[in-house]
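Visitor: Before we start, here is the structure in question, set down as C-alpha cells.
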Amino acid sequence: MPELPEVELLGRGLSRYISDSTITAVEVITPKVTRSDLKRVIGGRVLGVRRFGKMLCIDLSNAFSLAIHLKMTGRLIYRGKKQPAHLKVDEDLTTLPGKHTHVVFTFRGGDKLYFNDIRRFGWVQAVKTSEVNRLPFVAKLGPEPGKTLNAQQFEAILRKIGRPVKLLLMDQERISGVGNIYANESLFCAKIRPDRKARQLASSEAKVLFECTLRVFEEGMKYGGSSTNAYRDVLGRKGQYQEHYMVYDREGKRCLREGCSGTIKKTMMGGRGTYFCTTCQR
Ligand SMILES: [Zn+2]
C-alpha cells in the first residue's frame, strides 16, 4: 500500500502536471471504484492538490473536489503534452487505458489522467470542496507526524495505548500516514522492538521514535518512494526506496546497523510482515 511519502510524491506530481487544467470529460469504466457521480467535476479547473493522510484531494474551480484513495494498489497516471519524451514504465502502463483502468479524466487540450487499480479497493469520489473535511475518512483521520503532531503529542498518544507500538504506529485513526514499511523502518531506526507495548516506551525512546518516523519519511521521499508494492509516480515510474531498506523484507539477512552482527527476524503482527533485528532492537 502506498504510504505517506508515496502519496505526497504523487500529489506533488499531480500538481505539476494537471494544475490549471480543466476537466472536459470523465469516463467511468468500473462504477465500483466510484463513490458518487463523477460527472460533477466536469468543467472544473484544477486549483490545487491536498493530501489528508494517504488520501488525495484535487480541488476544482467549480466548488467540487475529487477525493481519491489508492488503498492497496491504486495508481493515478498522467499522459499528455507535458510528459517527458522517453518514459521507462512497466509494460502494463505503456498503453493506457489498460485492463486495470477504471476511470479516465480528460482535460482541455487532450491530456488524460487514468485511475488504475489492480485489486479495486481504491476509490474516487466527487465531493463539494466545502464538505471534504466531513468525509468519514478525513473526519476520523489521526494527526500526522511533523504536520499536525509534534513529539510531545506523539508521546501522549503512546502513553494511552497498551497495544504493541508497531500496531499503534499503523493505526490511521491515531496517527496518520505510517504504513507497514515505514513502521518497520522507523522502529529499526529507533532501536525499538515492534512488539513493545506503546505505553511502556521510555520518554527518550518516544522522542527518538518520533524523529525516526520523520527521518524515514524523508528517506522515502528522497528515493522517489517505495515501489515494493504497487506504487508508481504520476508518470507511471517506479520509486527506488526499496533499494535502501534497512530492515523491511530482509528476513535472515545480516543487520545493516554499523557495529551490530545481529540477524533480521520476521514475524507477523496484525497480519503484516514485521521485520526487526533481535540484537539491536530492544
Ligand atoms: Zn542489529
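Visitor: With respect to the numbered conditions (1) more than 21 Å from the chain's Cα centre (by Cα); (2) among the hydrophobic types (A, V, I, L, M, F, W, C); (3) under 28 Å from L70 (Cα atoms), which one is the sole condition not fulfilled by L168?
Guide: The number of the failed condition is (1).
Visitor: Just to verify a result, which residue in region 257-274, among those that are surrounded by 14 or more Cβ atoms within 10 Å (Cβ to Cβ) and within 11 Å of the ligand (Cβ to nearest atom), is nearest to T213 (Cα to Cα)?
Guide: Applying the filter and picking the extreme gives R257.
Visitor: In region 238-245, is there at least one residue being within 16 Å of the ligand (Cβ to nearest atom), more than 26 Å from H69 (Cα to Cα) and outside any helix (DSSP H, G or I)? Walk me through how you get there before you give the answer.
Guide: In the first step, residues of region 238-245 are kept if they are within 16 Å of the ligand (Cβ to nearest atom); the result is 245.
Those left that are additionally more than 26 Å from H69 (Cα to Cα): none.
No, that holds for no residue.
Visitor: Follow-up. Right, V234: within 16 Å of the ligand (Cβ to nearest atom), among the β-branched types (V, I, T) and part of a loop (DSSP other than H, G, I, E, B) or not? First the steps, then the outcome.
Guide: On the way: within 16 Å of the ligand (Cβ to nearest atom): no; among the β-branched types (V, I, T): yes; part of a loop (DSSP other than H, G, I, E, B): yes.
In short, no.
Visitor: If you go through region 51-68, how many residues are touching a residue at least 40 places away in the same chain (Cβ under 8 Å) and either open to solvent by 10 Å² or more (accessible area, probe 1.4 Å) or not assigned by TED's automatic domain parsing to the domain that holds Q125 (or both)? It would help to see each step written out before you state the result.
Guide: Here is the first cut: in region 51-68, the ones touching a residue at least 40 places away in the same chain (Cβ under 8 Å) are 51-60, 63-68.
Retained after the next criterion (residues that are either open to solvent by 10 Å² or more (accessible area, probe 1.4 Å) or not assigned by TED's automatic domain parsing to the domain that holds Q125 (or both)): 51-52, 54, 59, 63-64.
Of the residues in that region, 6 qualify.
Visitor: Just checking: which of the helices (runs of 4 or more DSSP H) contained wholly in region 151-218 hold 3 or more residues that are over 24 Å from R51 (Cα atoms)?
Guide: Working: elements: 151-160, 165-169, 180-189.
Once the helices (runs of 4 or more DSSP H) in region 151-218 are filtered for at least 3 residues that are over 24 Å from R51 (Cα atoms), what remains is 151-160, 180-189.
Visitor: Another question, then. Scan region 225-251 for residues that are over 16 Å from E185 (Cα atoms) and polar (S, T, N, Q) and report the count.
Guide: First, the residues of region 225-251 that are over 16 Å from E185 (Cα atoms): 230-239.
Narrowing further to those that are polar (S, T, N, Q): none.
Going through region 225-251 one residue at a time, the tally reaches 0.
Visitor: Can you pull out every residue in region 176-219 that is touching a Gly at 6+ places or on another chain (Cβ under 6 Å), surrounded by fewer than 24 Cβ atoms within 10 Å (Cβ to Cβ) and not hydroxyl-bearing (S, T, Y)? Can you show your working first?
Guide: First pass over region 176-219, keeping only residues touching a Gly at 6+ places or on another chain (Cβ under 6 Å): 176-177, 197, 199, 214.
Narrowing the set further to residues that are surrounded by fewer than 24 Cβ atoms within 10 Å (Cβ to Cβ) leaves 176, 197, 199, 214.
Those that are touching a Gly at 6+ places or on another chain (Cβ under 6 Å), surrounded by fewer than 24 Cβ atoms within 10 Å (Cβ to Cβ) and not hydroxyl-bearing (S, T, Y): K197, R199, L214.
Visitor: Another question about this same structure. Name the residues in region 113-139 that are among the polar types (S, T, N, Q) and open to solvent by 30 Å² or more (accessible area, probe 1.4 Å), would you?
Guide: Going through region 113-139, the residues among the polar types (S, T, N, Q) turn out to be 116, 125, 129-130, 133.
Selection gives Q125, T129, S130, N133.
Visitor: Right, another one. Cβ-Cβ distance below 9 Å, separation of 6 or more or different chains: which pairs start in region 252-276 with a residue that is more than 16 Å from C189 (Cα to Cα) and end on one that is acidic (D, E) and more than 13 Å from the ligand (Cβ to nearest atom)?
Guide: K266/D249; K266/E251; T267/D195; M269/D195; G273/D249; G273/E251
Visitor: Say whether the condition of being open to solvent by 40 Å² or more (accessible area, probe 1.4 Å) and among the aliphatic types (A, V, I, L, M) is met by at least one residue in region 146-160.
Guide: Going through region 146-160, the residues open to solvent by 40 Å² or more (accessible area, probe 1.4 Å) turn out to be 146-148, 150, 152-153, 155-156, 159-160.
If we keep only those that are among the aliphatic types (A, V, I, L, M) as well, we get 156.
There is at least one residue in region 146-160 that is open to solvent by 40 Å² or more (accessible area, probe 1.4 Å) and among the aliphatic types (A, V, I, L, M).
Visitor: If T95 satisfies every condition in (1) of a type outside the set (D, E); (2) at pLDDT 95 or above; (3) more than 16 Å from G11 (Cα to Cα) but one, which is the exception?
Guide: Status for T95: all satisfied but (2).
Visitor: All but one of (1) surrounded by fewer than 17 Cβ atoms within 10 Å (Cβ to Cβ); (2) away from the ligand (no atom under 16 Å from the Cβ) hold for K253, so report the exception by its number.
Guide: (2)
Visitor: Tell me the residue from V234, V178, V216 that is in contact with a Cys (Cβ under 7 Å, 6 or more places away or on another chain) and under 30 Å from V89 (Cα atoms), please. Step through it out loud before you land on a result.
Guide: Details: V234 fails: in contact with a Cys (Cβ under 7 Å, 6 or more places away or on another chain); V178 fails: in contact with a Cys (Cβ under 7 Å, 6 or more places away or on another chain).
Residue meeting the stated conditions: V216.
The values are calculated or read from the model by the stated rules, or taken from the named source; none is laboratory data. None of the values given here were measured: they were computed from a predicted structure. We place every Cβ from the backbone using ideal geometry, glycine too, and count neighbours over all the protein chains shown. Surface areas here come from the heavy atoms of the whole protein model, side chains and all, with no ligands, DNA or RNA. Shrake-Rupley method; radii C 1.70, N 1.55, O 1.52, S 1.80 Å.
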